[in-house]
Structures are given as C-alpha cells and as structure tokens.
Amino acid sequence: MLAAIALLAFGTGTAAATPAKSKTNAAAPAAPPPPPFEPLLPPKIYLFRGAMGPIFSTGMDRLEEKLTKAGFSANVYEFTICRWIGDRAISSYKESPAPIVLIGHSMGGLCSIVISEMAAKENIPISLVIVIDPAHATGDVPLNVERFINIFLSDSVLGGGDVVAVPGYRGHYASYDLKENSRVSHINIEKSDDIHRQIIEMVTQLPRIPPQAQADAVPLRYRVPADTLVELWDSGVRVPVRRGDTMESIAAANRVPLWTLAQSNSLPEDAQLTPGQTIIVPRHLTPPEPAAAMALPPPAAGGRK
C-alpha cells in the first residue's frame with residue numbers, strides 16, 4: 001500500500017491529489033451525538049430562620065409551606081442547630097445524591113454558608129444558596145456552590161451582609177442591594193410572596209436543566225433603584241454588540257430593565273455602543289414568564305429596624 005502511494009506521489013499532480021482526498025474524507029467519521037441529559041433527583045431544601053425566628057423570620061415558614069405544597073422535600077430550622085443539620089444534609093447526600101438547596105434569613109443566611117463550607121470539605125456540591133439579608137459576619141461563598149443569590153439591605157444593622165465569593169469562584173452569582181427601597185426592612189424582606197414565587201420556580205427548574213458552562217457566567221451586583229420591580233437573575237452573560245444596537249434595544253431584546261445594563265457595564269443608559277464590543281446582560285436560570293416581577297412587601301410597622 002505504501003509503495004502504491006509513493007508511486008502516485010511521483011506521478012502527475014492530479015493522480016497524487018485524488019487518492020489523498022479520498023483517504024482524508026474516509027478518515028473523518030461523524031462525531032457521535034452527545035449523550036442525553038439525565039434529569040437530577042428532586043432537590044432537598046433546607047431553610048433557616050434568623051434570631052428569634054418564630055417571631056421575626058416567619059417568611060421562612062411560609063416559604064417552606066409553599067415548597068412542600070409544590071411537592072418538594074423542604075424543612076425549616078433554627079440557625080442555632082446549623083451544624084447538626086449540616087451533618088444530616090451531608091449524610092443524606094451520601095446516601096442519595098439529590099441536589100442540595102440552602103435558603104436562610106439573617107443568621108440563617110450565615111448558617112447556609114457554614115453548611116456550604118462543611119459540604120466543601122466533603123467534596124459535596126451545593127446546587128443553590130439563597131441568603132436574605134444575611135448577618136454581617138456571613139462568610140464568603142465557597143467554590144462548591146453552583147449558584148448563589150443574595151437579597152439584602154447594605155444599611156441594615158440586623159442583617160446587611162454583602163456576601164462575596166472566594167477568589168477563583170466560577171459559579172453563578174447575583175447580589176441585590178435593596179437599601180434604596182424604603183418599604184423593605186430586615187423583618188419583612190423574607191416575606192415577599194413574589195420572591196417566594198421566583199424561588200419556587202428556580203428550584204423547580206434545577207433538576208431539569210443541563211449543566212451550564214460556568215466559564216461564561218458573569219457575576220452580577222446590583223443596587224436596585226427605589227420602588228423598582230426586580231427579578232432574580234441567575235448571573236450575567238456577555239452579549240456581542242451588533243451594528244445598530246443600542247443599550248435600549250439590547251435591554252428590550254433580552255427583556256431586562258435598562259438600568260441593569262447600565263449598572264452591569266458601568267455605562268450611562270444612553271451610552272453609544274460600538275459593533276464588536278460586549279455587553280453584560282442578566283440572564284435567568286430559565287426564561288421568565290412575561291408578567292414576572294417582584295411585588296413589593298407591605299411597609300413594616302415602625303419603619304426599618
């Protein structure tokens with residue numbers, strides 16, 4: 001065979017090229033299709049109240065009731081037994097590796113990070129952590145957390161934890177500072193029915209989505225304008241600017257408020273864009289319903305505490 005190829009190589013250009021082309025085509029089999037995505041087990045959800053939780057963190061109980069009614073395994077606990085519940089969650093995962101979801105208010109938010117750190121030492125992933133006005137002492141988001149959301153008030157004395165991720169974090173991260181909204185306080189921030197609705201939708205979708213490449217996840221940090229309807233985005237994604245695009249047209253095409261683009265990109269809302277540049281756009285875990293928006297909670301008695 002080698003001799004035949006050598007003889008052809010010394011012949012005319014046409015004779016030499018023809019067999020080589022045929023050989024190349026034959027040596028390029030079609031790539032096999034990717035294996036189908038297998039949905040994960042339903043998540044196990046652990047909710048944590050803050051200090052004096054039965055009085056001031058009743059929103060966690062209401063959320064637990066809604067999650068249970070939706071068919072999820074969800075239980076609410078006091079933050080004071082945080083490490084004990086963490087050990088139970090880790091043991092449960094080892095027996096049946098269902099996704100773990102941690103949701104906490106105030107000191108319960110701190111507890112959610114503590115359990116995430118405990119799981120990290122066991123190489124156990126945490127699918128989603130949502131902290132709601134966590135305590136100032138709350139630690140950084142560890143690398144094993146796949147998705148993290150913080151809804152907080154940076155000027156809150158009882159909460160106010162502006163939680164960041166550890167260096168090298170590659171997961172999905174979104175932070176929402178509601179300090180400009182005078183109707184939100186530490187003792188009603190966890191009671192928003194619409195925040196509950198969005199959390200349930202997010203938890204529902206977790207087992208159904210294929211793993212997203214975390215390399216393209218851009219962290220989001222927003223100071224939400226006063227009295228502004230807001231949605232819980234998953235993280236940001238970089239979108240290339242095309243000829244004729246404007247900040248307003250990109251916001252409309254992606255169904256996000258214009259202020260989110262301005263903050264994410266440190267640009268004015270009427271900034272002139274250049275084809276080829278990239279714009280960070282917030283994205284959802286799944287596309288939102290057209291009417292999805294956060295309903296503001298009722299004002300707290302006596303103002304912010």
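Some notes on this structure:
- Some residue of the range 203-213 being closer than 17 Å to Tyr176 by Cα and surrounded by fewer than 15 Cβ atoms within 10 Å (Cβ to Cβ): no
- Counting residues in the range 43-54 that are more than 17 Å from Ala135 (Cα to Cα), open to solvent by 70 Å² or more (accessible area, probe 1.4 Å) and either touching a Ser or Thr at 6+ places or on another chain (Cβ under 9 Å) or at pLDDT 95 or above (or both) gives zero.
- Scan of the range 236-263 for residues that are among the small types (Gly, Ala, Ser) and open to solvent by less than 60 Å² (accessible area, probe 1.4 Å), ordered by number: Gly236, Ser249, Ala251, Ala262
- Checklist (1) touching a residue at least 12 places away in the same chain (Cβ under 8 Å); (2) open to solvent by 10 Å² or more (accessible area, probe 1.4 Å); (3) more than 21 Å from His105 (Cβ to Cβ); (4) in contact with a helix residue (DSSP H, G or I) (Cβ under 6 Å, 6 or more places away or on another chain) applied to Lys191, failing item: (3)
- Residue count for the range 90-115, restricted to those that are in contact with a Ser or Thr (Cβ under 8 Å, 6 or more places away or on another chain), in contact (Cβ under 8 Å) with a residue 60 or more places away in the chain and either under 22 Å from Ile55 (Cβ atoms) or aromatic (Phe, Trp, Tyr) (or both): 5
Residue by residue, here is whether (1) aliphatic (A, V, I, L, M); (2) modelled with pLDDT of 95 or more; (3) buried (at least 16 other Cβ atoms within 10 Å of the Cβ) holds:
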| position | (1), (2), (3) |
| --- | --- |
| Leu229 | yes, no, no |
| Asp234 | no, no, yes |
| Ser266 | no, yes, no |
| Leu285 | yes, no, yes |
| Glu289 | no, no, no |
| Met294 | yes, no, yes |
| Pro297 | no, no, yes |
| Ala300 | yes, no, yes |
| Lys305 | no, no, no |
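- Any hit, the range 150-170, residues being touching a residue at least 12 places away in the same chain (Cβ under 8 Å), within 13 Å of the chain's Cα centre (by Cα) and buried (at least 20 other Cβ atoms within 10 Å of the Cβ): yes
- Residue in the range 90-101 that is nearest to the chain's Cα centre (by Cα), counting only those that are surrounded by fewer than 18 Cβ atoms within 10 Å (Cβ to Cβ) and assigned to a helix (DSSP H, G or I): Ile90
- The set of residues in the range 137-156 being in a loop (DSSP other than H, G, I, E, B), in contact with a helix residue (DSSP H, G or I) (Cβ under 9 Å, 6 or more places away or on another chain) and of a type outside the set (A, V, I, L, M) consists of Thr138, Gly139, Asp140, Pro142, Asn144, Glu146, Ser156.
The values are calculated or read from the model by the stated rules, or taken from the named source; none is laboratory data. Being a predicted model, the structure only gives us computed values, none of them experimental. Cβ sites come from the backbone with ideal geometry, for glycine too, and all protein chains shown count toward neighbours. Heads up: the accessible areas ignore ligands, DNA and RNA and are worked out on the full protein's heavy atoms, side chains in. Shrake-Rupley method; radii C 1.70, N 1.55, O 1.52, S 1.80 Å.
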